[in-house]
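Written below as structure tokens is the structure these notes are about.
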């Protein structure tokens, strides 16, 4: 087995989202290692779950073909063999490590042909825990990395042997500060989840009624970073007390972050009123927004310290190093 200081051959199984977690992790790993990216198509995995639930494979594939979705039927039969590509050819390079990142869908991967350390990276444990245990066979992985500190013990209790907290992070090139003139007073980038997003929308509506030049909507990549960098303050509200990606993205933009005061490790990673600002109630939120908008020196001091903290300890380069160091004996 190679050492942590050597360049490794890593197989990274991820979804195809252009700005998703898998891409960010791949970019970090590729700075030092040779990475084979095995990209799942999503539809085949969905079908595999439907088949195990009793649906007809032939009917499902035929239905999806009608609307233009191409399905590899062998890939959709259940346990997915990643030792070959979609053309059933073996990959040219054997792996030293195999890392599987959670995607929006769940599937079991056949890793029985390999005798190397394996890891599963959990992105949304508060949504996917039961499926990870039931459908992914997560207990079979050598290592499990969980994005939310409060769920680490839950995965251990489910039978996972080596479980670590691996918080989200930022990508310096995609999410780092951009020198743009101020445009917005307060901004947040994201979607309103139909089931869990009502409170976030309520709070942003409250903010918009209290302050001018606010922005809320969807954006990705450098467009998102440009919005954050051009805002005096970035607003965040967790949905389920999660330490979400927006915390790291906002801090990396160089603007001051105000976020709800959660547990889950937030104030283990960052210092309140030094790296970021927290609120608990509507009144505290509006009061602190007014204060920091009226005191630019204090606001910019916190923004600068938050930027320095996230760059020093919380980039995807740091997370990639943690994964590799933990997986090697």
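Per-residue Cβ neighbour counts within 10 Å put 291, 109, 235 in the sequence 291, 109, 235, beginning with the fewest. Taking a ≥ b ≥ c as the square roots of the eigenvalues of the Cα gyration tensor, the chain is prolate, since a/c reaches 1.5 or more and a/b is larger than b/c. Taken over segment 172-313, the convex hull of the Cα atoms encloses 98 Å³ per residue. Applying 0.36 nm per residue to the separation of residue 134 and residue 179 and subtracting their alpha-carbon distance, the gain on full extension is 11.5 nm. Summary value for the chain: 15 percent relative contact order, contacts being C-alpha pairs under 8 angstrom separated by 6+ residues.
The label point for residue 326 and the one for residue 39, both projected 7 Å from the Cα toward the Cβ, are 2.7 nm apart. Counting every other Cβ atom within 10 Å of each residue's Cβ, 131, 157, 199 order from fewest to most as 157, 199, 131. Net length available on complete extension from residue 274 to residue 32 is 83.8 nm, with 0.36 nm assigned per residue and the Cα-Cα distance removed.
We did not get these values from a lab; they are worked out from the coordinates using the rules stated. In this text, all values refer to a predicted model and were calculated from it rather than measured experimentally. For neighbour counting, all protein chains shown are included, and Cβ atoms are generated from backbone atoms with ideal geometry for every residue, glycine included.
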